[in-house]
1. With the requirement that a residue be of a type in the set (K, R) and under 21 Å from I40 (Cβ atoms), what does region 55-94 give you?
2. Restricting attention to region 39-47, does a residue exist that is of a type in the set (G, A, S), assigned to a helix (DSSP H, G or I) and under 27 Å from the mean Cα position of the chain (by Cα)?
3. Hey, among L27, L4, L35, which residue is in contact with a Leu (Cβ under 9 Å, 6 or more places away or on another chain) and either outside any helix (DSSP H, G or I) or of a type in the set (A, V, I, L, M, F, W, C) (or both)?
4. Can you work out which of the residues in region 33-67 that are closer than 30 Å to L89 by Cα and touching a helix residue (DSSP H, G or I) at 6+ places or on another chain (Cβ under 7 Å) is surrounded by the fewest Cβ atoms within 10 Å (Cβ to Cβ)?
5. Which residue, of S29, S90, is surrounded by 13 or more Cβ atoms within 10 Å (Cβ to Cβ), modelled with pLDDT under 90 and hydroxyl-bearing (S, T, Y)?
Amino acid sequence: MAELNDARYDEQLHDARYEARCKLIRLISANKDALMFAEISATMDELLAKYNRAWERGETTILDLNKLGVEAARAKAASRAASAEVEQLSAEIFTSVPSELRPNVDEFADYPLWTLEPF
């Protein structure tokens, strides 16, 4: 019976570690995506400002300006979605650690080295 309990505990421990590793990999990917989409959004905003100046000088059409405005809005939405995913994954990882072993929220790092024990 003791061996069975030890094996069950080991299995739960390995499952908890596997889930944590998967979440960390998803968090790393989400962070990279969020940075990429934020950069794209900033670039689109700069381009939109330049197109606005060009339209005011009569160098481009309103159709081009409107198309770029739509693309800039899409880039902003993608950036917000990626940031929301990062926040969600960070919260999931933070709450997956037992409350007595959690560090303060201010100490939460991108790659936490917390004890991962099954509940």
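1. Kept after step one, since they are of a type in the set (K, R), are these residues of region 55-94: 57, 67, 74, 76, 80.
Result: K67, R74, K76, R80.
2. Let us first name the residues in region 39-47 that are of a type in the set (G, A, S), namely 41-42.
Next, only the ones that are assigned to a helix (DSSP H, G or I) stay: 41-42.
Subset that is under 27 Å from the mean Cα position of the chain (by Cα): 41-42.
Among the residues of region 39-47, at least one is of a type in the set (G, A, S), assigned to a helix (DSSP H, G or I) and under 27 Å from the mean Cα position of the chain (by Cα), which makes the answer yes.
3. Details: L4 fails: in contact with a Leu (Cβ under 9 Å, 6 or more places away or on another chain); L35 fails: in contact with a Leu (Cβ under 9 Å, 6 or more places away or on another chain).
None of the other options fit; the residue is L27.
4. Top of the filtered list is D45.
5. On the way: S29 fails: modelled with pLDDT under 90.
Only one candidate qualifies: S90.
The values are calculated or read from the model by the stated rules, or taken from the named source; none is laboratory data. Here the structure is a predicted model, which is why all the values come from computation and not from measurement. We place every Cβ from the backbone using ideal geometry, glycine too, and count neighbours over all the protein chains shown.
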